Amino acid sequence: MAWDRDDVIDVIYAEAQRTPCGLSAHIIRILTNKDKDRINDLSDAIFRVYQEINWDLDLLRDLLNGRTSTLSRGLSTNVLRGELVCFFDPIEGFDFAVRVKLPENDFSENLHVSYKGSKCSMQPFNGLHWALVAPANGWVLGDHGLFDVEGTSEWKSLSVPNRQFWVLKQREESLGVFTADGSLIAGEEALLICAASIEPAVEDWGNLGQVDWDKKIRLNNEWFAFWKFTVLSEDIQVAKDGPAELHDLVTACKHSHVPAIIISGGLKEPTGIGWLLSAQPEISVTNINHSARLVVTSIQDNMPVWELNDVESGIKYPIEHQLDPGLYSLQIKQGQQTLARKSFKILKWDSLSAGECDISVAQGTWLLREPV
């Protein structure tokens, strides 16, 4: 039976304590220091390599006999890796695709993926390093395995993992696009897509005050979406013999401990990337040990428009300056060092499209039926 992530990492940790040790000095330093984010990132990378190895009996026999040079033949070098992407439109709802990581400058318009009897062309996505597989009728949640790749002699297959959940974060530069990018920060809102087998556990964590969300949406008989999913406590517990996917979800809910900016409150337009004029948001920061300076800069003019000194972690600060419509950059600074950066938009009311859609506000939900 395949090991889960914790099993693999336990073996690696045990190896790091041995003398002599078969791990590199660099890996040992990461595993034995106190930087939780670096340890989690390394653990994720180790487990991904473990998952990509074809663990046949000959390979296992060689490893047990100390012949590690054969490990490379167990790695699949002609397989592309895919992960879920969610597109949300307040009128059309949810749509899903698969994002594919490509080597540098390796995108080609001739790349196709065979999916459900049709050829689906890869599209550029966020630069040359990523491509998107977006079938006409969307990617079906739960579809996984190897899918044939055509149009290249280097890549044979696209591998989509068998996942029971995806923790997706909205991309700052793209309206209504959610991708799996990095760890959550304290107080950060995400989109949790999970299988029906996991949904009761998430509900239990919510009842215990360990997580929260704005809405729970049933996508179909087998999948749920938790909109504005937030982790309130890192003390989420799962029985040792509980399902592996729940242990993995708990790991995914661990907060990043790097400085970060959280934008909340105000009145958002439907896709959540921008705030409406005269209803601008509040700003808070996390994971800073000393007071810092908050700077709001107009990206169009490249000029600071508002600053606030003595900013501390965990406090919400209103922007005490009326911002004009446009794109803005937020920076948290200590001296000349920038600790964190984030961007947001201020929109005119007449930029809203006609139609009925939900708009979230700090005090509840408004239903907008016509543009103002």
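The values are calculated or read from the model by the stated rules, or taken from the named source; none is laboratory data. All values derive from a computational prediction rather than experimental measurement. Because the Cβ atoms are built from the backbone with ideal geometry, glycine has one as well, and the counts that use them run over all protein chains shown.
Computed quantities for the displayed model
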read-out: Evaluation of Ser278 against (1) more than 20 Å from Lys348 (Cα to Cα); (2) in contact (Cβ under 8 Å) with a residue 40 or more places away in the chain; (3) assigned to a loop (DSSP other than H, G, I, E, B) (one fails), failing number; value: (1)
read-out: Among (1) free of Cβ contacts under 8 Å to residues at least 24 places away in the same chain; (2) in a strand (DSSP E or B), the one test that Val250 misses; value: (2)
read-out: Test: Ile283 is under 30 Å from Ile198 (Cα atoms) and crowded, with 18+ Cβ neighbours inside 10 Å; value: no
read-out: Every residue from the stretch 220-247 that is part of a loop (DSSP other than H, G, I, E, B) and either in contact with a Phe, Trp or Tyr (Cβ under 6 Å, 6 or more places away or on another chain) or at pLDDT below 85 (or both); value: Leu232, Ser233, Glu234, Asp235, Ile236, Gln237, Val238, Ala239, Lys240, Asp241, Gly242, Pro243
read-out: Matching entry among Gln322, Gln331, Gln300 (being closer than 30 Å to Ser351 by Cα and surrounded by 14 or more Cβ atoms within 10 Å (Cβ to Cβ)); value: Gln331
read-out: Qualifying residue in the stretch 62-83 (condition: at pLDDT 85 or above and either closer than 28 Å to Thr251 by Cβ or surrounded by 11 or more Cβ atoms within 10 Å (Cβ to Cβ) (or both)); value: yes
read-out: Filter pass, Lys333 being part of a strand (DSSP E or B), at pLDDT 85 or above and in contact with a Leu (Cβ under 9 Å, 6 or more places away or on another chain); value: yes
read-out: Residue selected from the stretch 132-180 under the condition more than 18 Å from the chain's Cα centre (by Cα) and of a type in the set (D, E, K, R), by the criterion modelled with the lowest pLDDT; value: Glu154
